[in-house]
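Heads up: the structure comes next, in structure tokens.
Read the figures in this text as sums done on the coordinates, not as results from a lab. All values derive from a computational prediction rather than experimental measurement. Cβ placement follows ideal geometry from the backbone for every residue including glycine, while neighbour counts extend to all protein chains displayed.
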Amino acid sequence: MTEPSSTPKIYALHENPEWFPPFAEAFATEGLPMEEWLLTEGTIDLDSAPPEGIFWSRISASAHTRDHGLSKDYTRAVLSWLEAHGRRVVNGRRVLELEMSKVDQLTQLRAAGIATPRTVAAIGRDQILTAAKDFPTPFVTKHNQGGKGLGIRRFDDVADLAEYVRSEEFEEPQDGITLIQEYVPPADGSITRVELVGGEFVYAIRADTVRGGFQLCPADACEIDPDTGKPVIPPGATLAPEPGQSLFSLREGFDHPIVEQYLEFLRRVGVEIAGIEFIKTIDGRLLTYDVNTNTNYNGDVEAVAPRSGPRQIARYLGGLLREAYPSVQTVPAER
């Protein structure tokens, strides 16, 4: 965090500089005053008031995998401070909790009448086998505080799970909660991610599960191993992606009743920007399994999409800024 500015602006709260360039470019293109707050570690003067502006939180549940283990609680403190002072926060304190917990996501989706995969949460390593004891096979494990496919493994029987849980390979979840979830193979080798900004549908993308497996982060930075420079082979993939081959494509003309259900769900839980993922299963069900409140966008999709995700976010936040502070001068791009 930097010293407060006297001019109201948009403040982008995040922890991963590698993910931010498309958004910085969108703010610049829209001519919007913006400042990044990198929430990895820092201080908060609780006797001071936050600067005037619009605050957009995009902290990821996977922050700890980038050695940013303090970001979650740092952001909780910052958002509490901002909201106590009445600042306008997009994807605020309540939304942070939704991002950090798949239990929270799944229970809220179900409460909104949206179908989700059968899931049991095991709190503590010793309870994982108890949770899986009478669970239909095959099933997968997941970390409750997830992202990037954390902790996702497929098991065909409880014996294999028991061997894994007792082994040194066991991945301890960040919050101690492991999910046992039904394995639902998609009907066409893909999942769909629906991008939503400010109460509007932006577009939907197809993600290839054959080559993408369980790790379907759409950000361009996720596709390349930083150590080898080669395409990442995600867990659960049955084919390795070829160099230059994208796992993501635009679902052109996507028009499905689930979009309105998602918009109503986001209104219900107070989320303003999100990407929500669903699977159309072999047995004909449509199951929603993930809500991403720090949504990223894929460059290949952005190149052909009718509207840009980052530009929609910039325009939405710019509208909030102009509404709250009419004296702020902005130079929006031609629509």
Q: Please report the relative contact order for the chain, taking Cα pairs under 8 Å with a sequence separation of at least 6, and give it as a percent rounded to a whole number.
A: 20
**Q.** Helix-only mean residue ellipticity at 222 nm for the chain, each DSSP H run of n ≥ 4 adding -39500 (n - 2.57), per residue, nearest 500
**A.** -8000 deg cm²/dmol
Q: Take Ile44, Ile114 and order them by how many other Cβ atoms sit within 10 Å, fewest up front.
A: Ile44, Ile114
Q. If the viscosity is 1.567 mPa s and the temperature 4 °C, what translational diffusion coefficient in µm²/s does Stokes-Einstein give for the chain when Rh comes from Kirkwood over Cα pairs?
A. 62
Q.
Run the simple label-point estimate for His85 and Leu70 please: 7 Å along Cα→C-beta, distance reported in nm.
A. 2.0
Q) Ranking Ser327, Ser60, Ser101 by Cβ neighbours within 10 Å, fewest first, what do you get? A) Ser327, Ser101, Ser60
Q: Using only the Cα atoms of region 12-122, build the gyration tensor, take square roots of its eigenvalues as a ≥ b ≥ c, and label the shape rounded, prolate or oblate: rounded if a/c is under 1.5, else prolate if a/b is larger than b/c, else oblate.
A: prolate
Q. How much of the calculated P(r) for region 119-182 lies past 20 Å, in percent of all Cα pairs?
A. 12
Q. Which whole-number percent gives the relative contact order of region 107-173, counting Cα pairs below 8 Å spaced six or more residues apart?
A. 25
Q: Subtract the Cα-Cα distance of Val259 and Thr281 from 0.36 nm times their separation in residues, and report this length gain in nm to one decimal.
A: 6.1 nm
Q. Roughly what % antiparallel, to the nearest 5, for the DSSP beta bridges in the chain?
A. 75
